[in-house]
Amino acid sequence: MDHRPQAWGRPRDDVYGAYDGSYFQNSGPKFATQSPVVTGTSVIAIKFKDGVVIAADNLASYGSLARFTNVKRLRVFLDTTVVGFGGDVSDMQYLDRHLNELAIDESYENDTTETAAATTTSSSDPSSTSTQTPNNPAGSLNAANLHKYLQKLLYRRRNDFDPLWNHILVAGLDASSKPFLASVDLRGTAFTSPSLATGFGAALAQPIMRRYAATEEDAAKLTREQAVDIIKECMKVLFYRDARSLDKYSIAVVTKDGVELKEEEQLEKQSWAFAERIHGYGTQTV
Amino acid sequence: MFRNNYDNDSVTFSPQGRIFQVEYAAEAVKQGSVVVGIASKTHAVLVAFKRNAEELSSYQKKLFAIDEHVGIAIAGLTSDARVLSNFMKQQCLGHRLTYGRNMPVRGLVDMIGSKAQINTQHYGKRPYGVGLLVAGVDEQGPHLFEFQPSGMTEEMVAFAIGARSQMARTYLEKNLDAFADCGREELVRHGLKALKESLVQDRELTIENTSVGIAGVSKSKEDGSSVVEPFKVFDGQEVNAWIESVADDKEGGGDAAGEGEGMDVDA
Amino acid sequence: MVRRRPLTPSSSFPPKAPCFHNPPSAFRTPNESPHNLGYMMQRVTNHHTHKTTDVHRHGLRSRQLHLLPDGRNFQVEYAVKAVENGGTSIGIRCKDGVVLAVEKVVGSKLLKHSANKRIATVDRHLGVVYSGMVPDGRHFVDRARDEARAWRDTNKTPIPTADLASRMGGYMQAYTLYQSVRPFGITAIVGGFDSELELPVDGEVGYGPSVGAGGKAPDKKHGGPFLYMIEPSGLYWGYYGAATGKGRQAAKAELEKLDLGGAGALTLEQAVKEAARIIYLAHDDNKDKEFELEMSWISASDGPTKGKHQEVPKALREEAERLAKKSMESDDEDDDKKDDDKMEE
């Protein structure tokens, strides 16, 4: 038996096989994560007349395992902007903490004179709905500023070959109080559009959203109820077809009155009748 | 050479709790020529009286644009002012590139305040020998800040620093209530009148020795977003019209109360 | 990328410069030489002029290098003088929150009203107010914010008030150790409300274990309001009521009359009104100057500020000032009556 310190607590080689030494990078270039571990799937969003609706489901998958079913992937920044994260969940946590620090810094610079007392403290309390009124004077970072900042951050990490493995949607209002919606991903690619989606949503949900909001003018005609319905429809379709999705989701509506965030929504009116018509898989032989 | 035992460096308190080096630095500010700043609801204005070393030499520039939306007026050691203004320019540019917006003026001013305060608390450093008036506009409107060598920064409605600036401040205090609603031209005229209060008996404002800097902000009619009138410095012929418009008034008689001449104190 | 200032003092602190500062005066006293690090004589003979003077002793007071024979650090004592010249600031800890208030002496009519805030927020749930040299106070606040940030980064939770007070006390004390720096010319009052709730950890994903990610035992009471006052020497205590600045004697006398720790203790709203009244009273020591009252408060998460440090709303502040002015007037009437009685005797 090998009693040396390096073998303490180590399973025996003759029983379990030797360690795979290729995991120990003793030489060669240093490199960071090459693939995400615990991931969130699509985030979808659409602009409407007075603001933006954004939604993401509450699932964090560990590969093909639906591991965590209460993960909130919509995070609120400074009560005025919602950031939706798809991709690696630990990177999402890092960014969330980082943005929290940024929000605290911003509130230092903009200590308000007359503050309304109606603000919730933490955005992740277990209640399903939280309405936040803007405690946020004119000087604070708006969605456009935040998006630019994230873009710089993610691009910088990409250049360092150490990316934050996320695809992010930023929803809010810009400096002129017009609805703002933009995407930024792990490579630092950033763009804006009346409707956006990450991951599977880009293939499945975008065509649906584009039927209603192909251009900015069309989006500006949508009402809030219409926008919410479109999003709910898309979330349903994603649950039908995205194998790494869940029927519980979070949805947020951002307007100049603030953020209305619901975190325990359940998909309704699902119809799985079409499943019977699918042939050729499993035990069915006809 | 030294007035007392406690003025050798800025890490020494006097028995009364004063730091003499910082107070001496403030003297350096008083040696610089006078500059005046005023902020209204829509504009922030800086006016400066420039000096020349000799008859034929150029006049020392006193107003500098830091960014599109911020400008400064200096009084005191010009080289110290350059260090601070370079720092401010870098901060503004970095902020713009990172966030895509004008840097909020208060944050910028707080940064130079902190920078200057460190120089008053560590051995081997000396306080900055320059006072600044920082005029800028942001989402909340126009602002005017005073920066002192001690690191103290305060937002003002109007202020003046430099040689004999107390006379200008007296004028500003008398007309304080009028400034908020002044238009652009009126504000510049007030600034120049305040400046004139601080001039020596036989001196006049000319196009060579006067500088004017203006920044403004207004709400766009279409979508309510802020439209910035970029900070611009006016010299030479450009200030002629303004100088003429205040030339008719008696020296020191330009205040609303019409209380007659202000006191002209010799250098 | 990340906005950070260094968490440890800059490389020039502790000093790289030599510990000794050669006096610029004509006298080079032997005890200032590197070879005499021990006992300091109070009277010294200059070997060039053979004059015996006390200059040396003054020289010692101007340098924060050694403790003097009686164990005093004069620079710290002089720093306290700077604090005593500043406008009064107070803090009140009541049973459901903390109130901070400061008498902002108006230096010039040209200052923009309400634009120059003296009470600063640290993180979200802590407030700092100080008396003395304002630039030093801002340095203190910057450092406090860095400390709170560092704590949050490590522990993923907001810093408790006691820990911040401890860190800031240590920081201020460090500036009394070396000749290359000087003590802070401020006394700071730090007030905060440590959350009594089971707060989620920063960046929490999901809900965490049922006992709470903060690990708080479910049946015990946690958190609450806290108040500390830190002096230029770095010494600090926890207080129910704290006052510093020019009018601190008057303010302390009033604070002692209040019921702060007992069963019938003040509520937050009452404390706001008392704070205004006390500042007005303390302002008497500075009567010839104008002042602006600035007040802030922190409540529990079910109170008016929802656990955040905020400025007291204008309406409440104005009401408190109105009551304060009224009580000042009635005090004056009482004084007049007393004088009348005296005259009659």
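Modelled spin labels at B:Lys115 and A:Arg12, positioned 7 Å past Cα toward Cβ, are 6.9 nm from each other.
Shape class of the stretch B:28-245 from the Cα gyration tensor (axes a ≥ b ≥ c, square roots of the eigenvalues): oblate, since a/c reaches 1.5 or more and a/b does not exceed b/c.
Restricting the stretch A:1-73 to trypsin sites (Lys or Arg not before Pro) that sit in a DSSP loop and have at most 11 other Cβ atoms within 10 Å of their own Cβ leaves A:Arg12, A:Lys30. Once the C-beta distance of B:Lys219 and A:Ala203 is scaled by a Förster radius of 56 Å, the resulting FRET efficiency is 0.85 to the nearest 0.05.
Provide the FRET efficiency to the nearest 0.05 for the C:Arg322-C:Thr267 pair, computing r from the beta carbons and using R0 = 22 Å. It comes out at approximately 0.70. Partner shielding of B:111-118 amounts to 3, given as the average count of beta-carbon atoms from other chains within 10 Å of each residue beta-carbon. Measuring between alpha carbons in the structure, the pairs from A:Lys262/C:Lys308; A:Lys72/C:Lys306; A:Lys236/C:Lys156; B:Lys62/C:Lys289 lying more than 26 angstrom apart are A:Lys236/C:Lys156; B:Lys62/C:Lys289. For the stretch A:213-228, backbone phi angles converted through the Karplus equation (6.51, -1.76, 1.60; θ = phi - 60°) give residue-by-residue couplings of 9, 6, 10, 4, 5, 4, 5, 5, 8, 5, 8, 4, 5, 4, 4, 5 Hz, Gly and Pro being listed as x. The length gained on full extension between A:Gln266 and A:Ser64, counted as 0.36 nm times the residue separation minus their Cα-Cα distance, comes to 70.5 nm. Along chain A, the longest continuous region that contains none of the GluC sites (Glu not before Pro) in a DSSP loop with at most 14 other C-beta atoms within 10 Å is A:115-267. Residues of the stretch C:160-201 with backbone nitrogen within less than 16 Å of a virtual label 7 Å along the Cα-to-Cβ line of C:Asp302, please, listed as ranges. It comes to C:195-199, nothing else. Distances between placed amide hydrogens fall under 5 Å for C:Cys94 paired with C:Val99, all partners being 5 or more residues away or on another chain.
Under 5 Å between amide hydrogens, built in the peptide plane, is the criterion, and for A:Gly87 it picks out A:Gly40, A:Thr41, A:His167 among residues at least 5 positions away or on other chains. Remark: mean inter-chain Cβ contacts per residue of C:303-314 equal 4, using a 10 Å Cβ-Cβ cutoff to other protein chain atoms. Straight-distance candidates among the aspartates and glutamates for linking to A:Lys47, with alpha-carbon spacing under 17 Å and chain neighbours fewer than 8 residues away dropped: A:Asp174, A:Glu216, A:Glu217, A:Asp218, A:Glu225, A:Asp229, A:Glu233, A:Asp257, A:Glu260.
For C:Tyr130, the residues whose amide H sits under 5 Å from its own are C:Ile189, ignoring neighbours fewer than 5 places away on the same chain, with H placed 1.01 Å from N. Length gained on full extension, B:Gln90 to B:Asn4, computed as 0.36 nm times the residue gap minus the Cα-Cα distance: 27.0 nm. With a threshold of 24 Å on the Cα-Cα distance, the over-threshold entries among B:Lys30/C:Lys81; B:Lys193/C:Lys117; A:Lys148/B:Lys89; A:Lys148/A:Lys178 are B:Lys30/C:Lys81; B:Lys193/C:Lys117. In the stretch B:25-39, whose amide N lies under 20 Å from the spot 7 Å out along Cα-to-Cβ of B:Thr206? List them in ranges. Label zone hits: B:33-35. Remark: the stretch A:149-156, residue by residue, has Karplus-estimated 3J(HN,Hα) of 4, 4, 4, 4, 5, 5, 5, 4 Hz, where x stands for each Gly or Pro and the curve is 6.51 cos²θ - 1.76 cosθ + 1.60 at θ = phi - 60°. Whole-Hz Karplus values for the stretch C:144-149 come out as 4, 5, 5, 4, 5, 5 Hz, taken residue by residue from phi with 6.51 cos²θ - 1.76 cosθ + 1.60 and θ = phi - 60°; glycine and proline positions read x.
Restricting the stretch B:204-238 to trypsin sites (Lys or Arg not before Pro) that sit in a DSSP loop and have at most 15 other Cβ atoms within 10 Å of their own Cβ leaves B:Lys221. Among the protein heavy atoms of the stretch A:36-99, carbon and sulfur supply 50% of the accessible surface, probe 1.4 Å, non-protein parts ignored.
The values are calculated or read from the model by the stated rules, or taken from the named source; none is laboratory data. What you see is a predicted model; the values in this text were computed from it and never measured. Cβ: placed from backbone, ideal geometry, glycine included. Neighbour counts: every protein chain shown. Protein only, heavy atoms only, side chains kept; ligands, DNA and RNA dropped before computing areas. Shrake-Rupley method; radii C 1.70, N 1.55, O 1.52, S 1.80 Å.
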